[in-house]
Amino acid sequence: MNKRAFLKSAAITGLGTQIGFSSLAAIFDEKKNISADVLAADDAFWKKIRDQYILKPDYINLENGYYNFTPQPILEKYIEHIRYVNREGSYYMRTVQFDNKKRMAGKLAALLGCPANEVAITRNTTESLDLVIGGQEWKPGDEAVIAIQDYGAMLDMFEQVSKRYGVVLKKISVPNHPKSDEEIVSLYEQAITPKTKLLMVCHMINITGQILPIRKICDMAHKKGVEVMVDGAHAVAHIQFNMPDLDCDYYGASLHKWLSVPLGAGLLYVKKEKIAKLWPLLADGNTDMSEISRINHIGTHPVHTDITIEDAIDYYQMIGGERKEKRMRFLQQYWTSKVRNVPNIILNTPADEKRSCGIANVGIKGITPGDLAKRLLDEHKIFTVAIDGANVHGCRITPNVYTTLEELDVFVAALKKLAA
């Protein structure tokens, strides 16, 4: 299929076929005996899931990492919640709001495999992790270990506490193609001194998609008396894991990414024994220092988004964590395997499938990332995001479960043409 015909087809099929949760469940029930590995490559099946999204026909969207479109079943629930809260008004805000928020935190905790009293709902990863960074009892000379590949907003917060409290920042650089877990652990270990108080690490590096060995890093840091804060913005509902298996002290994530909650929801995990030591950025009247809700007092906010967390979790569990992870990894391996050895094409994501999932980063020799992103959009109608820094020079490519192999074939052809 040529590109023009493909885009015309996308314009027709991308309007979305609105069905409810029960009908969607029936689609998955038909495949209950099919292994996740086999289903990952079944494009006809995933096109049925694609029908639950209203997609712009103007371009192929390979930038789902910033914000995942909300599928129609969740979007309809979200609109219902808006109407409900609007009808209830102040009564809702002064009564059941708090019970609902606790219930949503409980749902998230069950998803993460940890106690509900260790999870708080926030608005995004930045807020979650800034609550931890800004909430520490910093003293002049304290040290924090970070990587230049960490997310900019958190790096900015560390710079602020450095200027304000005299915290020393020890920066490392994570290799794009590590030889082993031990190489990565060693980099963090070498940066630790007796003055190190906190270590920040990405579960999945946002600019390359590389998955880091969190448990091994936590074990190493804890032996040295250092707490570990994990940026899990891209991991929740993307790859399967349990919080106890990571054994980190703090974990933050955005729910508008791979869980597909509407914009404005995130989560913060704090080990129970660490809660009392954190100062909230916005003061709360709760005198129980062990209560996690006191950490993220933000006043009046769009509570209808909070309620939709439950619907998004139901949708995710209907798909199944294993099936989604396998589909995401299959899509990434599908296109990267076709360009990894092409002259002038540079992949900034490890080839080992255990070290990545759905996200990858690609560059072309002689073309700046900004120009590459522009040419992909202008000449090939493919939307991506340019990454140019922290030893990563290319475009981040983030498909979603609804992305078709036809779309990825268009992308691969575009890369080969530009590389030639």
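The values are calculated or read from the model by the stated rules, or taken from the named source; none is laboratory data. Computed from a predicted model, the values in this text were never measured in an experiment. All Cβ positions, even for glycine, are placed from backbone atoms using ideal geometry, and neighbour counts span all protein chains on display.
Some notes on this structure:
- Inter-residue pairs, beta-carbon under 8 Å, first under 16 Å from P194 (Cα atoms) and in segment 210-231, second part of a strand (DSSP E or B) and among the hydroxyl-bearing types (S, T, Y), 6+ apart: K224/T196; V226/T196; E227/Y250; V228/Y250
- Those residues of segment 238-266 which are touching a strand residue (DSSP E or B) at 6+ places or on another chain (Cβ under 9 Å) and part of a helix (DSSP H, G or I), in sequence order: M243, L246
- The set of residues in segment 281-303 that are touching a Gly at 6+ places or on another chain (Cβ under 6 Å) and either of a type in the set (K, R) or outside the structural domain of V201 (by TED's automatic domain parsing) (or both) is empty.
- Evaluated against (1) touching a Lys or Arg at 6+ places or on another chain (Cβ under 9 Å); (2) crowded, with 21+ Cβ neighbours inside 10 Å; (3) of a type outside the set (S, T, Y); (4) touching a residue at least 60 places away in the same chain (Cβ under 8 Å), R327 falls short on exactly one condition, (1).
- Any hit, segment 267-280, residues being assigned to a loop (DSSP other than H, G, I, E, B), charged (D, E, K, R), surrounded by fewer than 20 Cβ atoms within 10 Å (Cβ to Cβ) and assigned by TED's automatic domain parsing to the domain that holds I309: yes
- Those residues of segment 365-395 which are in contact with a Pro (Cβ under 7 Å, 6 or more places away or on another chain) and either of a type outside the set (D, E, K, R) or touching a residue at least 24 places away in the same chain (Cβ under 8 Å) (or both), in sequence order: A386, I387, H393, G394, C395
- Of the criteria (1) surrounded by fewer than 21 Cβ atoms within 10 Å (Cβ to Cβ); (2) touching a Ser or Thr at 6+ places or on another chain (Cβ under 9 Å); (3) over 23 Å from A233 (Cβ atoms), which one T368 fails: (2)
- Residue, nearest to A41 (Cα to Cα), within segment 331-344, restricted to residues that are touching a helix residue (DSSP H, G or I) at 6+ places or on another chain (Cβ under 9 Å) and buried (at least 21 other Cβ atoms within 10 Å of the Cβ): L331
- With respect to being in contact with a His (Cβ under 9 Å, 6 or more places away or on another chain) and assigned by TED's automatic domain parsing to the domain that holds A253, I172 falls outside the description.
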